[in-house]
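Values in this text are rule-based calculations from the coordinates and carry no lab data. Remember, predicted model here, so these are calculated numbers, not experimental data. Don't worry about glycine lacking a Cβ; one is built from the backbone with ideal geometry, like all the others, and counts go over all protein chains shown.
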Amino acid sequence: MMKTKDNVKHLPQKRYFLEGYLIEVLKIAVTGQGLLDRAEMNEGLCTLFIQHTSASLLIQENFDPSARADLERWLNRLVPENDNLYTHTLEGPDDMPAHIKSSLTATSISVPVLGGNLGLGTWQGIFLWEHRHQPGNRKVILHLI
């Protein structure tokens, strides 16, 4: 941990490797909570960034998985596979739609740290939204300030 001239605590960023479809990044947030505890951070900002162009991050309802399933179906209808407009098809019919979906959603999110806890609402969870049919390892950077 470093302190700036303004006495602001900065933690080194952590990188996490994830696999799977719609993986809950909340596990990272819990790890982030551990970082918050070690940093004795009472207030600040937690930023998550995914280093990929075919997946995204979102804060969404964490109680009923049908909300995320509905989002998935809606986005698939908005950005269909096998569209004749696509020329970037070398990696398969889901590749270009995954890039479009990623550009329409978020590759980074920030959550305030309040009272030493991540400031998520009661029904909010942080999720990795995979846009490919066969996801690979995903790299997510967590940064606390």
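Annotations for the structure displayed:
- Spin-label model, D64/R77: points 7 Å from Cα along the beta carbon direction are separated by 1.7 nm.
- Arranged from fewest to most other beta-carbon atoms within 10 Å of their beta carbon, S110, S102 become S110, S102.
- Sorted ascending by nearby beta carbons within 10 Å, beginning with the fewest, E130, E40, E81 become E40, E81, E130.
- Protection-proxy order for peptides 89-96, 138-145, each taking the mean of Cβ atoms within 10 Å per residue, highest first: 138-145, 89-96
- Cα shape, the range 54-93, gyration tensor, a/c 1.5 rule: prolate
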